[in-house]
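Since the structure comes first, as structure tokens, the remarks are kept for the end.
The values are calculated or read from the model by the stated rules, or taken from the named source; none is laboratory data. Remember, it's a predicted structure, so these values are computed and weren't measured experimentally. So basically every Cβ, Gly included, is an ideal-geometry build from the backbone, and we count neighbours across all protein chains shown. The accessibility values were calculated without ligands, DNA or RNA, using every heavy atom of the protein model including side chains. Shrake-Rupley method; radii C 1.70, N 1.55, O 1.52, S 1.80 Å.
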Amino acid sequence: MALAVKQKEKAWGKVLDAGLDETIKKLTPEKIEQVIKKALEKMGPGRLKTMVETCIHCGLCSEACHTYLSNDRDPTFAPVAKVKQTMWPILKNKGRVSPEFIRRAAEIAYTECNLCKRCSMYCPFGIDMAYIILSVRRICHLLGVTPLYLQDTAHSHAVTMNQMWVKQDDWIDTLQWQEEETRGEIKNPIIPINKEGADIMYSVIGPEPKFQAHLMGQAAVIMNVAGIDWTYPSFDGWDNSDMAMYSGDHEIMGRVKRAHFEAAMKLKVKKIVMGECGHAFRSIYDVGNRWLGLRMPPVPVIHAIQFYYELLREGRIKIKKKFDKPVTLHDPCNVIRGRGLHEMARYVTNALCEDFREMNPNKEYNFCCNAGGGVINCGPPWTKKRVISNRVKAEQMKATGAPIVITPCHNCHSGIEDVIKYYKLGMHTKFFSQIIVEVMEIPEKFKL
Amino acid sequence: MLEFLMSPAVYSFVRGPLVWIAFLVFIVGSAYRIYVMISTVKKEKLVLPYMSLRYSIRSILHWVIPFGSVNWRRHPVITIVTFLFHICLVFTPIFLLSHNILWHESWGISWWTLPESLADIMTLIVIFSCVFFFFRRIIASEVRFVTYPSDFLILAIAFLPFLTGFLAYHQWLLPHEAMVNLHILFGAIMLIAVPFSRIIHMIFGWFTRAYTGSEFGMVRHVRDY
Amino acid sequence: MNQIAEWDWDTKEKYIADINEWRKKFPVVRGLVASDDGEKIATVIQTEDNRFTTCVNGDVWEETFERLWSLKFTPDNKFICLTYKDYEWALAVDKEFWEDRFDSAWNLTLSPDGKNIAINVKKEESYGVSLNGNTWENRFVDARDIALSPDGTRTATLIQTKRLKEGDIFGFQEGIWTVAVDGTPWDKTFVNVWGVTFSPDSKHVAVEVRFNLYDYTIAIDGKTWEKVYNCVWEPLFKPDSNDIIAPVKTSDGWTLAINGQPVWDTYVQLWNQRFSPDGRRIAAIVAPEYGRWTIAVDNIPWNNSWSDAVLPPIFSPDSKRVAAVVKESRNPFHMESALHNVEGNNRYSIAVDGTPWPGDFEMVWDPIFSPGSDKVLAKVEKNGKYFIAIDGRIGKHGYEALWNPVFSPDGEKLLIRCVEGGRYYRRVVPIHEI
Ligand code: HEM
Ligand code: HEM
Ligand code: SF4
Ligand code: SF4
């Protein structure tokens, strides 16, 4: 216990975060106990308790975790150690733990685990560490102890149904503006808004309209050239992302997912195709839908990797000249371990690029970017810790010698860019869509 | 003390009621744990709809075959030790001649038995595996960090029946009667401990494996091994 | 609604416009919008110099814009759209502009009779509402979602009362959101407000609220229900009354509450509750068990349930029957595809009083009851064409485009608005000929 509460003095020093430091001041052991007791009742003792009691403390999951490997095998970063420092004492003491304990538990749950589930593949019992850590986060949310930046994002979801405080009119403006921008790329592009009965609703994450609108322009190029009958909603529900899932605010997560599904059903589309984002896929396919009582998403969700795969395989987009710089591919946990798109990702990479070099390990066994699971959304205070805790990724990428890392996920994209910068790897991240637009053939009809 | 251990009263207690109690607690206790686990998981609603027999079996098979999973391959020493340990731990007592004689006497049932010399070797394997695990817990930092006294206790609970059985068989250290009585006592403790300690992993482990196998295989279309 | 009787129910077919012709004439023709009575068809067209204008029945508006969207016909056939030119948004009704101009304008909303128009607007860096061109004097840091009262005289929107520094989670949790009605904010503020709606008499406004991160309830005119819940969904007023129903989540699951009191059994999920026209019955989408969906009418779930989804229930005019779109997948865990359909998956149909139609379709639009409540029809999609299906029987004609059909007041005929061979037609067809 003493060890668990002690703040680790690491290269990143003690990280201050008002979302943790200020909020624990309002807690007392009695209040904590009361909240946790109620939470544990609701979580259902079944899965959580079974997993905690089955764990034989063998430590075989340790090497699965990039944070453990990157911190010179610091035992406190082993997956089981994260549970030991959080859920075990909580269960053992039936919720009677100190505010300082909660602060440390929150730091572990929010900034030291990406819920990437790699360790579940290495534990002989398949113990679902992500579920246990998410349960710790749920408790922290109920106690109001969450990293400030992540909480702010959850607030944005609650108000706007999107991740970035994008106002309703700003969203519409972005759609129209991007159509104008795309006119510089191809002839007469259309970004259809509220087209009822289209085949596909295309959805993005809040940061795209906020900071990376060009990605929406690139998506429009691909959609137009491939002749896809698609649309965006003008109304809330266009954002597929969900940081409330990661902060532990299930109710807001459910509300955001409901808005997303209802937007698709209102538009009478047959499929939702989403941009290159991993956690958003997880929130729709795996977590948010379940909270709502939906066994599977009511409208199928297709991740961009699969969408591009289908377009390329069926010749809906053709390649003019393959990308000639060497590339490597980062497998985003949430759509590889979370959906099995690794072979498709390789098909797409090989179709687009001349020189593809695998990282090792790869596919389902790939290391997480250490940005996922809401960790990057905990914001600047935690950046240093995040990049230091993913040295293995840096080593893995460096070994490929490729200057370009394809990262078909927003969190991976930004997180890996940070890792590259910190370790001075001289590489760059790219989305598939950026490469596609660069190498695709523009049919006569769309030539300017 | 030794006198007492050797006394016929103790023998008749450990050979009689204690064996009964041990098996009852083990079987009824484990069944109850399974029942409670399944019914609470059912109430959670989110587990059973994602279970798949096919992917449960796929996952379990990969993990019960030595070197059948990536992690087993990454840790050859542990894999060999743990498989030998568990095989010997489970099968030695079941197919042990002495045990078969006893339950033939008590309940009139018996089956194929191991040659005594082989049983002896298997017992030694368990004993040395326990020693291995003991030192691993102390030496390997990632294991040490998550080790509680209870982990050593569980190890001891696994260790002692084998040690005492071995000593009794060879009639070493203590008079035979005393050692047999001690052995039965520790054997009973182990059986009784199953439903109340993390030894429950011998039962729950199959279920957690099946669940993860189903989620990974059926829902997410990936391997979990 | 009574306008329907005045429509032309005698002319069998009117060929209104040649859409293919439009497509030849202009570089880009956008989505088509048909008027309720079918007499008019409108679209946005792009000109050679990348500007936009509208084309209604072939009549091209000579004025062009940088942006143009949100086309709508009022029930009395006025044509409305939002236009953007020289950095200003303007609302046009039959080519006439409201006087006021905006930095942004969206959420175009009509009163049931179509005589009143409301939009959310941004003007001089502040947000509010404009009703029939009268823009609220009071404007706010942000405004989202609009509600127009049934009588068309009042408007409400969700507003942010205070500007916050970026990342000020503590300021946010003090509550800076509320509702403004006709420009006047409620006294009370909340952490969140959602789902704003007016009462049938246009006098009251209800919303969902969240007091802090955990406690949800419903607020009416700024006063909240006494009980708080783990979560709530949008409130709905009872016809001809001020009673409110809303789904609420208790520790046992979701139930329906009337004026704060839970009255239904609990379900895994419950949402999209609707009143019958006579206000006596309530239907809602429920999940009686995890991953199964159906409709419950007065707390009695239908016997059948579906795996994927059930869409909001629709009552017959006599309030006796309920129909809904249902969706089922036989292989829910099969890898889906963006371009193709997995055999047996994503099958849409209609269920009426719990009994599904025998066939299923690629897509089904909301069911429509005949005025006598005896027939149910819907627009459906099969093999990429659109059909009308009546009581489960699919019609003879497949169309390139089709709008929801409308029953004649006597229920004998259907108004069909469709595109065939690139041409837009308005047809009146006796029911038995479908
Ligand atoms: C609770 C009821 C038990 C009874 C009555 C019992 C009784 C005995 C007896 C009488 C012997 C023979 C000693 C000799 O040869 O002189 C024996 C040997 C042995 N028992 Fe048990 N036992 C019990 C439980 C267990 C358990 C739970 C285990 C291990 C999991 C175990 C493992 C062994 C082993 C390994 C040997 C033999 C060692 C060797 O041959 O080298 N016994 N037991
Ligand atoms: C037949 C069902 C069983 C299965 C499938 C099983 C499986 C496992 C697995 C996968 C491990 C982790 C790997 C390792 O650390 O070696 C383990 C560890 C262990 N098992 Fe079992 N086990 C079973 C029965 C038992 C029983 C009956 C005991 C009796 C006490 C036992 C005692 C242990 C101990 C003490 C460890 C931990 C070793 C350490 O300290 O690291 N197991 N078991
Ligand atoms: S980051 Fe991934 S591997 Fe590490 S503990 Fe969390 S889920 Fe396991
Ligand atoms: S590998 Fe599994 S059983 Fe072993 S310590 Fe890790 S979580 Fe526990």
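What's the number of the only condition in (1) within 12 Å of another protein chain (Cβ to nearest Cβ); (2) in contact with a Leu (Cβ under 7 Å, 6 or more places away or on another chain); (3) of a type in the set (D, E, K, R) that A:E208 fails to meet?
Evaluating A:E208 over (1) within 12 Å of another protein chain (Cβ to nearest Cβ); (2) in contact with a Leu (Cβ under 7 Å, 6 or more places away or on another chain); (3) of a type in the set (D, E, K, R) leaves (1) as the failure.
Just the residues that are within 11 Å of another protein chain (Cβ to nearest Cβ) and either away from ligand 4 (no atom under 16 Å from the Cβ) or not in a helix (DSSP H, G or I) (or both), please, taken from region A:40-55.
First, the residues of region A:40-55 that are within 11 Å of another protein chain (Cβ to nearest Cβ): A:41-55.
Result: A:E41, A:K42, A:M43, A:G44, A:P45, A:G46, A:C55.
Among C:W302, C:W357, which is under 21 Å from C:L402 (Cβ atoms) and of a type outside the set (D, E, K, R)?
C:W357
Where residues in region B:185-199 are part of a helix (DSSP H, G or I) and within 14 Å of another protein chain (Cβ to nearest Cβ), which of them is nearest to ligand 4 (Cβ to nearest atom)?
B:R198
Looking at A:D152, A:D173, which one is outside the structural domain of A:S247 (by TED's automatic domain parsing), open to solvent by 10 Å² or more (accessible area, probe 1.4 Å) and either touching a Phe, Trp or Tyr at 6+ places or on another chain (Cβ under 9 Å) or over 22 Å from A:E251 (Cα atoms) (or both)?
A:D152
Could you grab me the full set of residues in region A:376-415 that are under 18 Å from A:I205 (Cα atoms) and either aliphatic (A, V, I, L, M) or in contact (Cβ under 8 Å) with a residue 60 or more places away in the chain (or both)?
Selection gives A:I376, A:N377, A:C378, A:G379, A:T407, A:P408, A:C409, A:H410, A:N411, A:C412, A:H413.
For a quick check of your reading of the model, give me the residue pairs whose first member lies in region A:113-140 and is more than 11 Å from chain B (Cβ to nearest Cβ) and closer than 17 Å to B:T79 by Cα, whose second is away from ligand 4 (no atom under 12 Å from the Cβ) and modelled with pLDDT under 95, with beta-carbon atoms closer than 7 Å and at least 6 apart or on different chains.
Short answer, once both residue conditions are applied: none.
Which residues, counting only those in region C:351-367, are among the aromatic types (F, W, Y) and not in a loop (DSSP other than H, G, I, E, B)? Walk me through it before giving the result.
We begin by selecting, within region C:351-367, every residue among the aromatic types (F, W, Y); these are C:357, C:361, C:365.
Residue satisfying the conditions is C:F361 alone.
Being in a loop (DSSP other than H, G, I, E, B) and either within 14 Å of chain A (Cβ to nearest Cβ) or more than 20 Å from C:R321 (Cα to Cα) (or both) is the filter; apply it to region C:265-285 and report the residue that is least open to solvent (accessible area, probe 1.4 Å).
Filtering region C:265-285 for residues that are in a loop (DSSP other than H, G, I, E, B) and either within 14 Å of chain A (Cβ to nearest Cβ) or more than 20 Å from C:R321 (Cα to Cα) (or both), the one least open to solvent (accessible area, probe 1.4 Å) comes out as C:V268.
Inside region C:100-142, can you point out the residues that are within 18 Å of C:V181 (Cβ to Cβ) and among the basic types (K, R)?
Passing the criteria: only C:R139.
Working carefully through the options A:L69, A:L27, find the one that is surrounded by fewer than 22 Cβ atoms within 10 Å (Cβ to Cβ), outside the structural domain of A:A371 (by TED's automatic domain parsing) and closer than 28 Å to C:F170 by Cβ. Give the steps one after another, and end with the answer.
Working: A:L69 fails: closer than 28 Å to C:F170 by Cβ.
Within the list A:L69, A:L27, the selection yields A:L27.
So which of B:L163, B:L174 is more than 16 Å from ligand 3 (Cβ to nearest atom) and in a helix (DSSP H, G or I)?
After applying the criteria, what remains is B:L163.
Quick one: which helices (runs of 4 or more DSSP H) lie wholly within region A:56-173 and hold at least 1 residues that are within 14 Å of ligand 3 (Cβ to nearest atom)?
Output list reads A:66-70, A:79-84, A:87-92, A:99-111, A:129-143.
For region B:123-174, which residues satisfy the criterion of being open to solvent by 30 Å² or more (accessible area, probe 1.4 Å), farther than 19 Å from B:I189 by Cβ and among the polar types (S, T, N, Q)?
Once the filter is applied, which keeps residues that are open to solvent by 30 Å² or more (accessible area, probe 1.4 Å), farther than 19 Å from B:I189 by Cβ and among the polar types (S, T, N, Q), region B:123-174 yields B:S141, B:Q171.
Specify which of the listed residues (C:H432, C:H397) is buried (at least 16 other Cβ atoms within 10 Å of the Cβ) and either at negative phi or of a type in the set (S, T, N, Q) (or both).
Step by step, each of C:H432, C:H397 is checked, and only C:H397 is buried (at least 16 other Cβ atoms within 10 Å of the Cβ) and either at negative phi or of a type in the set (S, T, N, Q) (or both).
Quick check: is even one residue across region A:260-272 under 26 Å from A:L148 (Cβ atoms) and of a type outside the set (S, T, N, Q)?
Checked region A:260-272: at least one residue is under 26 Å from A:L148 (Cβ atoms) and of a type outside the set (S, T, N, Q).
What number of residues within region C:134-157 are within 11 Å of chain A (Cβ to nearest Cβ) and either open to solvent by less than 10 Å² (accessible area, probe 1.4 Å) or on the phi < 0 side of the Ramachandran plot (or both)? I'd like the intermediate steps shown before the answer.
Taking region C:134-157 as the starting set, the residues that turn out to be within 11 Å of chain A (Cβ to nearest Cβ) are C:141-146, C:157.
If we keep only those that are either open to solvent by less than 10 Å² (accessible area, probe 1.4 Å) or on the phi < 0 side of the Ramachandran plot (or both) as well, we get C:141-144, C:146, C:157.
Counting residues in region C:134-157 that are within 11 Å of chain A (Cβ to nearest Cβ) and either open to solvent by less than 10 Å² (accessible area, probe 1.4 Å) or on the phi < 0 side of the Ramachandran plot (or both) gives 6.
Being open to solvent by 70 Å² or more (accessible area, probe 1.4 Å) and not small (G, A, S) is true for just one of B:I78, B:I57. Which residue is that?
On the way: B:I78 fails: open to solvent by 70 Å² or more (accessible area, probe 1.4 Å).
Only one candidate qualifies: B:I57.
Restrict the check to region A:430-438 and report whether at least one residue is surrounded by fewer than 23 Cβ atoms within 10 Å (Cβ to Cβ), at positive phi and not hydrophobic (A, V, I, L, M, F, W, C).
The answer is no; no qualifying residue exists.
Among the residues of region C:121-170, what is the count of those that are among the polar types (S, T, N, Q) and within 20 Å of A:S156 (Cα to Cα)?
4
So which of B:I78, B:I101, B:I60 ends up being outside any loop (DSSP other than H, G, I, E, B), within 16 Å of ligand 1 (Cβ to nearest atom) and not acidic (D, E)?
One residue alone meets the criteria, B:I101.
Conditions tested, residue by residue: (1) more than 10 Å from chain C (Cβ to nearest Cβ); (2) closer than 26 Å to A:H342 by Cα; (3) touching a residue at least 60 places away in the same chain (Cβ under 8 Å).
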site	(1), (2), (3)
A:E262	no, no, no
A:K271	no, yes, yes
A:G278	yes, yes, yes
A:G288	yes, yes, no
A:W291	no, no, no
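If you scan region A:40-53, which residues turn out to be within 16 Å of ligand 2 (Cβ to nearest atom), in contact (Cβ under 8 Å) with a residue 12 or more places away in the chain and surrounded by fewer than 24 Cβ atoms within 10 Å (Cβ to Cβ)? Before you say what the answer is, go through the steps one by one.
Taking region A:40-53 as the starting set, the residues that turn out to be within 16 Å of ligand 2 (Cβ to nearest atom) are A:50-53.
Of the ones still in play, those that are also in contact (Cβ under 8 Å) with a residue 12 or more places away in the chain are A:51-52.
Of everything in region A:40-53, just one residue is within 16 Å of ligand 2 (Cβ to nearest atom), in contact (Cβ under 8 Å) with a residue 12 or more places away in the chain and surrounded by fewer than 24 Cβ atoms within 10 Å (Cβ to Cβ), namely A:V52.
Answer yes or no as to whether A:I420 is touching a helix residue (DSSP H, G or I) at 6+ places or on another chain (Cβ under 9 Å), farther than 27 Å from A:M243 by Cβ and β-branched (V, I, T).
No; evaluated as a whole, the condition is false for this residue.
Kindly indicate whether B:S129 is more than 9 Å from ligand 1 (Cβ to nearest atom), polar (S, T, N, Q) and facing chain A (nearest Cβ under 10 Å).
For B:S129, the condition - more than 9 Å from ligand 1 (Cβ to nearest atom), polar (S, T, N, Q) and facing chain A (nearest Cβ under 10 Å) - is not met.
Being more than 11 Å from chain A (Cβ to nearest Cβ) and either within 16 Å of ligand 3 (Cβ to nearest atom) or in contact with a Ser or Thr (Cβ under 6 Å, 6 or more places away or on another chain) (or both) is the filter here, so list the residues in region B:71-91 that pass it.
Scanning region B:71-91 gives B:V81, B:F85.
So which of C:L108, C:L91, C:L82, C:L131 is open to solvent by less than 30 Å² (accessible area, probe 1.4 Å), in contact (Cβ under 8 Å) with a residue 40 or more places away in the chain and not small (G, A, S)?
The unique qualifying residue is C:L91.
Can you tell me which residues in region A:394-437 are of a type in the set (F, W, Y) and either in the same structural domain as A:P207 (by TED's automatic domain parsing) or not in a loop (DSSP other than H, G, I, E, B) (or both)?
A:Y422, A:F432
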